[in-house]
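For reference, the structure discussed in these notes is given below.
Derivation of every value follows stated rules applied to the coordinates shown; laboratory data play no part. Please read these numbers as outputs of a predicted model, since none were measured by experiment. Cβ coordinates were reconstructed from backbone atoms using ideal geometry, including for glycine residues, and neighbour counts include every protein chain displayed.
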Amino acid sequence: MEVGFLGLGIMGKAMATNLLRHGFKVTVWNRTLSKCEELVQHGASIGETPATVVKKCKYTIAMLSDPSAALSVVLDKDGVLDHINGKGYIDMSTVDADTSSKISEAIKAKGGYFLEAPVSGSKKPAEDGQLVILAAGDKALYDEALPAFDILGKKSFFLGDVGNGAKMKLVVNMIMGSMMNAFSEGLTLAERSGLDPATLLDVLDLGAISNGMFKLKGPTMLQNSYSPAFPLKHQQKDMRLALALGDENAVSMPIAAAANEAFKKARSMGLGDLDFSAVHETYKAPDRSS
Ligand SMILES: NC(=O)C1=CN([C@@H]2O[C@H](COP(=O)(O)OP(=O)(O)OC[C@H]3O[C@@H](n4cnc5c(N)ncnc54)[C@H](OP(=O)(O)O)[C@@H]3O)[C@@H](O)[C@H]2O)C=CC1
Ligand SMILES: O=CCCC(=O)O
């Protein structure tokens, strides 16, 4: 089965590599074309533009940074729309429901089929085929893509109409971003009040709020090490989009709003390309400690 793959960042590279490892023929495209070379070594072909990838493949997957990138790859010159008639397009990027609906409408108007399928899980689950896939849109395309989803993920959900996958993903990441801030505050409070934060990690891990994120990120945060698995700028984008979803639905979200402010502050400190756990640094910044 020949599938297309657009966007070879942290996630896209791992996901496309996984498909190749499991026998899929994959044609890749990335805005910075040089990033395709590593995939070629794993057996991928390169498409010169999103349009040429779509033309060649029965369906094409995208994993792009944000709403503006997701829209641009579809709507701009040499974009997905040029050859989408009769083909499938699966956007796995984290975007808002409005963006996803715009893409869906544009694709359907040209005779194509659309599925949104954002994922829960980061770099390592992407490498290990352990993502959780949150799909919505064209059910026939979902069924067709299941063999690929079974390689990329440990569980796929079909959530109905376009927008539901995007919303589910934003709710999950809003909770995650808020938790990361509470965790960072706690680590800082432990240290400043004379406790050993490494012991705090052990205590947390044995109690009711033990979770994979604290376990994975805690030790590296204590070493001030923030090699990016999930870039902080993307987490802040997700908080922003989740807060907009809260606005639309008149849901008061004071905790998420405070977490968003901390991620914005981290971006202003130049930490946007580091892992989202680098928000920890904002809790050590002088204006919070004075
Ligand atoms: N990292 C993670 O843990 C997870 C991320 N996600 C979501 O997945 C998506 C990708 O994340 P990730 O791989 O980490 O991000 P990266 O920043 O590593 O990669 C972003 C990708 O988008 C491309 N891109 C950015 N702007 C444009 C544009 N204007 N036109 C075309 N291509 C563009 C980049 O191309 P180029 O190489 O040229 O810059 C790159 O391929 C995001 O929506 C993120 O929120 C979801 C789950 C987990
Ligand atoms: O969107 C990124 C999610 C990262 C994760 O689920 O660990």
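Taking max minus min of the alpha-carbon positions on each principal axis, the stretch 153-290 gives extents of 51, 34, 28 Å, largest first. Find the centroid of the Cα atoms in the stretch 234-271 and in the stretch 123-151, then give the distance between the two in whole Å. Taking the Cα centre of each part, the stretch 234-271 and the stretch 123-151 sit 27 Å apart. Looking at the chain, the DSSP beta bridges with both ends there are about 15 percent antiparallel.
For the stretch 2-161, give me the percentage of DSSP beta bridges that are antiparallel, rounded to the nearest 5 percent. Before the final figure, lay out the partial values.
On the way: 4 of 28 bridges.
Within the stretch 2-161, antiparallel bridges account for around 15 percent of the total.
For the stretch 136-216, the convex hull drawn through the C-alpha positions has a volume of 100 cubic angstrom per residue. Using all pairs of distinct alpha-carbon atoms, the Kirkwood hydrodynamic radius of the stretch 2-161 works out to 15.0 angstrom. On C-alpha positions alone, give me the angle between the axis of helix 139-152 and the longest principal axis of the chain, in degrees, nearest 10. So the inclination is approximately 60 degrees. Could you work out the relative contact order of the stretch 129-243? I mean the mean sequence separation of Cα pairs under 8 Å and 6+ apart, divided by the number of residues, in percent. The value is 24 percent.
Across the chain, C-alpha contacts under 8 Å between residues 6 or more apart give a mean separation that, scaled by the residue count, equals a relative contact order of 13 percent. For the stretch 1-149, what is the relative contact order in percent, using Cα pairs closer than 8 Å and at least 6 residues apart in sequence? Taking the mean separation of contacting Cα pairs over the length of the stretch 1-149, I get 20 percent. Computed from the Kirkwood radius of its Cα pairs, the Stokes-Einstein diffusion coefficient for the chain at 10 °C and 1.306 mPa s stands at 80 µm²/s. Checking the Cα-Cα distances for K110/K237; K58/K139; K58/K237; K13/K284; K58/K108; K217/K264 against a 26 Å cut-off, the pairs over it are K110/K237; K58/K237; K13/K284.
In terms of surrounding Cβ atoms within a 10 Å radius of their Cβ, D96, D128 rank from fewest to most as D128, D96.
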